[in-house]
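Have a look at the structure below, then the notes.
What follows draws every value from the coordinates through simple rules; no lab data is involved. Everything quoted here is computed from the prediction, not taken from an experiment. FYI the Cβ positions are ideal-geometry reconstructions off the backbone, even for glycines, and counts take in every protein chain you see.
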Protein chains: 4
Amino acid sequence: MPGATPTARAATRRGEATRDRLLRAVRDVVADVGYPHATTRAIAEAAGVAEGTIYRHYPDKATLFLAAVADANRPVLAAMADLPGRAGTGTVAGNLTEALGQLAQLRQQMVPLELAMLTDPDLAAQRARLHAEASAGAGPSAAGLPDPPGLLADYLAAEQAHGRVRADLAVGPAAVTILAALLGLALAPGTDPSSATVDPGVLAHLVDGNIRSCGC
Amino acid sequence: MPGATPTARAATRRGEATRDRLLRAVRDVVADVGYPHATTRAIAEAAGVAEGTIYRHYPDKATLFLAAVADANRPVLAAMADLPGRAGTGTVAGNLTEALGQLAQLRQQMVPLELAMLTDPDLAAQRARLHAEASAGAGPSAAGLPDPPGLLADYLAAEQAHGRVRADLAVGPAAVTILAALLGLALAPGTDPSSATVDPGVLAHLVDGNIRSCGC
Amino acid sequence: MPGATPTARAATRRGEATRDRLLRAVRDVVADVGYPHATTRAIAEAAGVAEGTIYRHYPDKATLFLAAVADANRPVLAAMADLPGRAGTGTVAGNLTEALGQLAQLRQQMVPLELAMLTDPDLAAQRARLHAEASAGAGPSAAGLPDPPGLLADYLAAEQAHGRVRADLAVGPAAVTILAALLGLALAPGTDPSSATVDPGVLAHLVDGNIRSCGC
Amino acid sequence: MPGATPTARAATRRGEATRDRLLRAVRDVVADVGYPHATTRAIAEAAGVAEGTIYRHYPDKATLFLAAVADANRPVLAAMADLPGRAGTGTVAGNLTEALGQLAQLRQQMVPLELAMLTDPDLAAQRARLHAEASAGAGPSAAGLPDPPGLLADYLAAEQAHGRVRADLAVGPAAVTILAALLGLALAPGTDPSSATVDPGVLAHLVDGNIRSCGC
DNA sequence: AATGAATGAGGTTTCATTCAT
DNA sequence: CATGAATGAAACCTCATTCAT
């Protein structure tokens, strides 16, 4: 075993490290100079590799960007995935505040990348195609990948079942609204981009206003 | 007096018409293909003029974009400016629903342009410079131009004075949250961009959840 | 007489004034920003007219430049034309110093325009064509228009006839050399372009070294 | 040691060859069509590379031109650098004639580039900045780089010390005048640009008239 | 005669991508 | 696997010239 295909393994290791550096470089450069100025040159430089190296790991720039988005999305989804399981424990406001706080913090990191998706229809289209393929590949049953709005709606519905959220709340629109507000806050002009967190007062208002059971 | 300076006026007329066509072309092209693909060539074509014509009216592309943003912003501000005057009339929910509905409709139109500002730091910087100059030029007293969050907060405070909004509502954070949610909704993936309006259910939820006096 | 075709006359007057302003504008702009940056826009602005006005007086930019060169050349030729007639009067050194001093002063003014001719073969070709046509139009006898080297050589030859210049001086090469040195001095790096005159020491050296009769 | 870093060297080699081809292309194109028509397209074509290649080696067109000027200047300086060491050997006239003849020949090659510097103030300014930086970088003691007028003046002074040039000659003005004349001759209209040399008669006159010791 | 908006060819520069090393 | 020179299409912008007023 010692010495078995050492070069191949080392090479693989090296390649993975390079890919990681590239993904992080995409995030950094887009956050720094904006998507329109995030050129392959700038990204390669930030990653400390030659420009040509990009194309040894990704077939083109769009694919690299989508990989960076997926990579940045993972912790966001993880932060939300816990939520439904907590229904009935602690307090509703506490659970939401913690989850949304985490989410806001993470989203801040990936907002520039999400913006890129929103401003570039080509990128969005390619992402849609990838998602479609992924769903198809996973079989017909795997239609609904978990996404933040769905997870949040699930949690709210579960709390309704526990009687801890007013029964007449439309959980779908509420989830969408809450997350939209969070996104909107991250973008609002005047937001200090260096502070990674949302103003706690605003966050409290958001939670409180939306789920308050009617005991006011 | 009529006909006093007919040529001068005519000349100006033509130029103004061209400028208008250019501003609209910017909006259309950005909405269509996205800011990164909104080239001067595409804009000129959409406006029905030669590429060089752009530069007789605007010194560079950034200035053209900023002019388009300002132009698109005008009706948005107009829609909000009425609101504070309506405090005490009709119903709170009615006033807000109407104003936010209008706002959502208009914002939809200018969201792509605002996104451009958010993705391109250069553009944002130049806009900031322009605003600074405009404020300076208007004298030291004109510091605060009216903006949507301020106007909405003013309205909410006025309704508090009328006792039609619960007294403990923090009007500043509430205004910011509502508008952020509106912006977030316009961006949320899955929003049908062809429907210019926000889902009325969501809008109702937004108004209701945020300002509801405690009579539930 | 009063009121006789006043408009026509006024129009002509105005046209001539405009042409003059244009010629001077060409000189000023070329001297200021250099021939490659002397655009029709800059020239029109310097002349205080609209860009289109240029083409009411000159068929194209090259013709305008050549007219400006010819205009700037007139006083230079005038300064040299006197010289041959002065042979035998005053002192040789005095005559030359005065003529060359004047020439240097004037040339300074037109050096930028002459440089334009030297850097732009198209312009030079068109000038040559114009000269050829002028000569042809003036009849076959008018082949040799008076030019500075010829006039200077004529003067030196006349002084040789008076015995005031050493007999073995080759007047042709001497004239060419002197004028070339003058041109070279105007161009030499380190020449202060604001001082319109040549260093008197250098000028004295130039005169002295070239024509000194052998009494040293 | 051979083969130590073969790739790096090879890469460098290719780049260096391309740079050389570009520098020569600049000279050729400027000499051919004149500075105002020396477009990047024409230069790239003359060098046999794509237009974009220029910008991998030089940040912009101006820098490329300045590099071409510096490159063309090197042999000119080399031709003059020998001169001071020859004082006291051969004959004064022989030394000067040879050096100036070489200089004229070389200068002919670089006259179009020097003209470009003279007609384009932007270029001249950037050159001045570069020179200033170079001097500063070389330490405060390296203020005076050797330049042709200085070297020629040094030579003349040395010959004065040997008693082979008349003692009352002002070596500074003489050197300036001689070189200015050479430059002027290269530009003089009527000079056949295909003959790379200056008319020997004129050259003799130039040498003779300026340094002749008084034994006539 | 004069204006200035409009034109479109062409200029410099950028950039995603390919290829020889 | 990695490099970096090379490519060429396309981006933004300029400019001499034309044309409606």
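Structural remarks
- Here r is the Cβ-Cβ distance between A:Arg24 and A:Ala132 and R0 is 30 Å; the resulting FRET efficiency, rounded to 0.05, is 0.65.
- The ranking of C:Met117, C:Met80 from fewest to most other beta carbons within 10 Å of each one's beta carbon is C:Met117, C:Met80.
- Packing-based exposure ordering (other Cβ within 10 Å, fewest first) of C:Val176, C:Val26: C:Val176, C:Val26
- Size of region D:1-134 as Cα extents on the principal axes (Å, biggest first): 52, 48, 30
- Least to most buried among B:Thr97, D:Thr39 (fewest other Cβ within 10 Å first): D:Thr39, B:Thr97
- Note on B:Lys61: lysines with a C-alpha under 28 Å away, same-chain residues under 8 apart excluded, are A:Lys61, D:Lys61.
- Closest approach of a chain C beta carbon to the axis mapping chain C onto chain B (residue, whole Å): C:Gly52, 3.
- Over all pairs of different C-alpha atoms, region C:22-81 has a mean inverse distance whose reciprocal, the Kirkwood radius, equals 11.8 Å.
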